[in-house]
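Each value in this text was obtained by applying a stated rule to the coordinates, not by laboratory testing. Computed from a predicted structure; not experimentally measured. Here the Cβ is made from the backbone with ideal geometry for all residues, glycine too, and neighbour counts use every protein chain on show.
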Amino acid sequence: MAEEDIRRYSIEELREKNKRGAFKPAPVDAPTIDLDEEFWTQLEGARPLPAGSEVVELVLPQSTVEGFAQGNADYQTEMARVLDAYAASRAKKAS
């Protein structure tokens with residue numbers, strides 16, 4: 001991709017574009033690409049996945065993501081901690 005094709009947007013600009021309908025969901029039958037471990041290890045700036053972790057796709061309400069992301073650059077890790085604590089509490093109740 002040519003350097004002149006790269007655009008940068010703030011989160012506010014992206015939210016505005018979304019409100020205007022600039023983003024369209026991918027069609028249900030859109031092709032998918034499996035990105036193997038080699039892809040992620042060669043990705044510039046990639047962090048290794050912690051042992052015992054798994055990458056998942058999760059659809060969440062925008063307000064939930066914004067609540068975690070507000071003032072928290074590492075919000076995805078925080079989300080993972082909350083989910084882990086929830087799973088541990090459910091396991092404890094089940095036993």
Residue-normalised 222 nm signal for the chain, counting each DSSP H run of n ≥ 4 as -39,500 (n - 2.57), nearest 500 deg cm²/dmol, is -13500 deg cm²/dmol
Subtracting the Cα-Cα distance of I33 and L14 from 0.36 nm times their residue separation yields 4.4 nm
Ranked highest first by average number of other Cβ atoms within 10 Å, how do 8-18, 22-32 line up?
8-18, 22-32
The percentage of Cα-Cα pairs in the chain separated by more than 16 Å is 76 percent
Starting from the stretch 57-95, pick out the GluC sites (Glu not before Pro) whose DSSP state is loop and whose Cβ has at most 10 other Cβ atoms within 10 Å.
E57
Calculated FRET efficiency, A22 and L60, Cβ-Cβ r, R0 22 Å, to nearest 0.05?
0.60
Assuming 0.36 nm per residue, please report the length gained on full extension of the stretch Y75 to S53 beyond their Cα-Cα distance.
6.3 nm
Along the principal axes of its C-alpha atoms, what lengths does the stretch 56-95 span, in descending order and rounded to whole Å?
36, 18, 17
Toward the positive end of the charge dipole of the stretch 56-95, about the Cα centre and with charges on Cβ (Lys, Arg +1; Asp, Glu -1), which of A69, A87, L58 goes farthest?
A87
